[in-house]
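Peer 1: Let me begin by handing over the structure; questions about it come next.
No lab work stands behind these numbers, since they all come straight from the coordinates. Not measured: the values here are computed from a predicted model.
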Amino acid sequence: MSLISDLISEGLNLASEEKFLESVLPKDEKFMEYFGVHDLFRDLPMMAMTQKCSFNVVKFDKWLHSVHGYNEYKHGSMRDFIQSKFGEEACRFIENLLKET
């Protein structure tokens, strides 16, 4: 499913929320660029309710563990791991997502 259809299924009214979608879609594209997957870590019910980006860092952490073998004891902080695996821009992108949430 696409981000738009996911948000509609969570109750977002597209007619009145076009500006919100314009701000979210580029973030989804950037997420795909940095991590190779669409943003699987968005909290859709919260986004539809608040009309703000909502990033589930716990889900993202679990994905880093299961897909990329991230281990706090071996790799240090999540930030350190993201920086070494995906680069500084990807780090700043996640930090900005967290600030917006």
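Peer 1: Counting only residues 5 or more places away or on other chains, whose amide H sits under 5 Å from the amide H of Asp43 once H atoms are built in the peptide plane?
Peer 2: Excluding prolines and chain starts, which carry no amide H, the hits are Ser54, Phe55, Asn56.
Peer 1: Now, a different point. Provide the gained length on full extension for the span Met46 to Glu72, in nm with one decimal, where the gain is 0.36 nm per separating residue minus the Cα-Cα distance. Write down the numbers at each step before the final one.
Peer 2: Values: separation 26, 0.36 × 26 = 9.36 nm, distance 2.83 nm.
Residue separation times 0.36 nm, minus the Cα-Cα distance, leaves 6.5 nm.
Peer 1: Using each residue's phi in the stretch 72-87, evaluate 6.51 cos²θ - 1.76 cosθ + 1.60 at θ = phi - 60° and report the 3J(HN,Hα) Karplus result to the nearest Hz, with x for Gly and Pro.
Peer 2: 4, 6, 8, 10, x, 5, 4, 4, 4, 5, 4, 4, 6, 8, 10, x
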